[in-house]
1. As a footprinting exposure proxy, order 94, 115 by other Cβ within 10 Å, with the fewest listed first.
2. Of the candidates 53, 118, 34, which one comes out as most mobile in a Gaussian network treatment of the chain with C-alpha springs shorter than 10 Å?
3. Run lengths n ≥ 4 of DSSP H only: what is the helix-derived mean residue ellipticity at 222 nm for the chain, with -39500 (n - 2.57) per run over all residues, to the nearest 500?
4. What is the extension gain from residue 126 to residue 60, computed as 0.36 nm multiplied by their sequence separation minus the C-alpha to C-alpha distance, in nm to one decimal?
5. First measure r as the distance between the Cβ atoms of residue 30 and residue 81, then evaluate 1/(1 + (r/R0)^6) with R0 = 25 Å and state the FRET efficiency to the nearest 0.05.
6. Take the range 45-98, drop everything but the C-alpha atoms, weight them equally and run the Debye formula without solvent; then report log10 I(q)/I(0) at 0.21, 0.26, 0.30 Å⁻¹ to two decimals.
7. What are the equivalent ellipsoid semi-axes of the chain, built from the alpha-carbon gyration tensor (square roots of five times its eigenvalues), in whole angstrom, biggest first?
């Protein structure tokens, strides 16, 4: 009976951990010229621009390595703390950098960061932002 209880609790912890798995990564960058959005799911990468000039958008498949890199980048990140992470610089206040923001979607919650300068986020978000930048710059 004791083993069954331990097994049940272990399974419950495993299931609870799975519900906090990120299912969608979203990055937005805003300047006076417009807003760029990058949305990455396990299946697709979607980019768009709206603002001055012609709006653009594109979509492509997410590679297994891209998805794996994103998930690895958030392994050590406490999702509930994302909203409290302060940016290291504030160049965006003088239009010297775009307003960047990352949003992480799980099955049951949304975790949104404070704004930061472009890709220059809090130290805890840097591994994720490095992967997001690579995907955004990818020409696949």
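Read-outs throughout are calculated quantities, based only on the coordinates presented, and are distinct from any laboratory measurement. These numbers were taken from a predicted model, which means no experiment stands behind them. Glycine also receives a Cβ, built like all others from the backbone with ideal geometry; neighbour counts cover every protein chain displayed.
1. Values: 94 7, 115 18.
Listing 94, 115 from fewest to most nearby Cβ atoms yields 94, 115.
2. 53
3. Working: 3 runs with 40 residues, N = 140.
Here the helix-only value at 222 nm equals -9000 deg cm²/dmol.
4. Values: separation 66, 0.36 × 66 = 23.76 nm, distance 2.44 nm.
Between residue 126 and residue 60, full extension yields 21.3 nm more.
5. Details: r = 23 Å, r/R0 = 0.94.
Working from the Cβ atoms, E equals 0.60.
6. Rounded to two decimals, the profile gives -1.02, -0.95, -1.02.
7. On the way: eigenvalues 214, 67, 27 Å².
Equivalent-ellipsoid dimensions as semi-axes: 33, 18, 12 Å.
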